[in-house]
Amino acid sequence: MDIMKKDLLEICNLSTSEIDDLITLAKDIIKNPDKYREHCKNKKIATLFYEPSTRTRFSFESAMLDLGGTVVGFSSPTECSVAKGESVADTARTVECFADIIAIRHFKEGAAYVAATNVDIPVINAGDGGHHHPTQTLADLLTIYTEKKTFENLTIGLCGDLKYGRTVHSLVSAMKRYKGTKFYFISPTKLKMPEHVMTALENCNIEHIETAYLEEAMPELDVLYMTRIQRERFSNQAEYIKLKGTYILDSPKLEFAKEDLCIMHPLPRVDEIAVEVDADPRAAYFRQVKNGKFIRMALIIKLLEATNTERPYITDATEFAPTVIKCRNTRCISSIEQGLTPLFIKAKTGYRCIYCDCKAR
Ligand code: NCD
């Protein structure tokens, strides 16, 4: 099996063969859970959750417990010294003294990157602001593979909040590498895919159609990935109220869908999938939740076994004085983390922030 890198910060840290290895291992864990019961005996995961979570945190913790390991952590920043103003870097360095691997979720983009650059143990990004969510994508990939039996020639509709929804950013980054992928990006104009996702897509010649109408895409889709409008990311709540309820998937809409459509959602849902759809055999979202634990078990095993101590994604960043170039994304970790060096990487035009991928000015 491939030697993995030390961390998982974005899904593009994983090669296609590493993803295949994780899926193969997850399937073996599903088939033979007893074989893995003691695999991580004496190992400890720290779950640092600065943002609410049900599935992601429970699945990380259950994954480690089912591997025979133990868990420490917090589910809200009010529970620890973060409430006293401790930085992500200092928190990560402290936790490293007690744990073997970290899973971190933070409301600021690039927080997991900051944690990873301050510790020697593996760091997993469990969601950073509206940026990335690579382990949700691994759960999504296991679900797609189980339901569709292939990653090739799939037409995938991503519907809802494509601007702030971190799960769709990571899913596009994963699926764009497979032959014959075609995307429908279904969103209101105000919630279109961010520039960094679109730029990466243009570089790899993948067919993608942007539309505001779910009905237009429906008959074509093999996979429909619904998402919640991300209320917590809006700086203007009136804007959120205008956009909520834009898309509601219900049984009449599904009459135009393929018989073998796979309906997915990272959950939690608000109102974007009517409860009546749960009884439809095409609704895969609770199977998707279950897959999340097994793929995280596989990931924990692989990261703890990694012998490659390099961090190759920490690339040739350039440092600028904040007065010369500044990241203006208020959701970026660089907007709050004390002592953080502003770092940028050369883009096609200008520079982008290494923490959040936004264009710097
Ligand atoms: C998602 C997240 O946190 O980004 N949930 C999850 O991890 N399963 C989706 C969401 O909150 O809408």
Subject >> Cross-link partners of K41 among lysines (Cα-Cα below 23 Å; sequence separation of 8 or more within a chain) >> reply: K5, K6, K27, K31, K290, K293, K302
Subject >> For q = 0.10, 0.11, 0.15 Å⁻¹, Debye-computed log10 I/I(0) when each Cα of the chain counts as one equal scatterer >> reply: -0.60, -0.74, -1.41
Original post:
Any idea what the relative contact order of the chain is, in percent, if you count C-alpha pairs under 8 Å spaced at least 6 apart?
Top reply: 19
Original post:
If the cut-off is 20 Å between C-alpha atoms, which lysines fall inside it for K242, apart from same-chain ones fewer than 8 positions away?
Top reply: K163, K190, K192
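May I ask you to compute the full-extension gain from R93 to F256, defined as 0.36 nm times their residue separation minus their alpha-carbon distance, rounded to one decimal in nm? Spell out each step's value before the answer.
Values: separation 163, 0.36 × 163 = 58.68 nm, distance 5.26 nm.
In short, 53.4 nm is gained.
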**OP:** For K84, list the aspartates and glutamates whose Cα falls under 17 Å from its own Cα; do not include residues on the same chain fewer than 8 positions away.
**Re:** E51, E337
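Every number here is computed from the coordinates shown, using simple stated rules; none is lab data. Just so you know, these numbers come straight off a predicted model, no measurement behind them.
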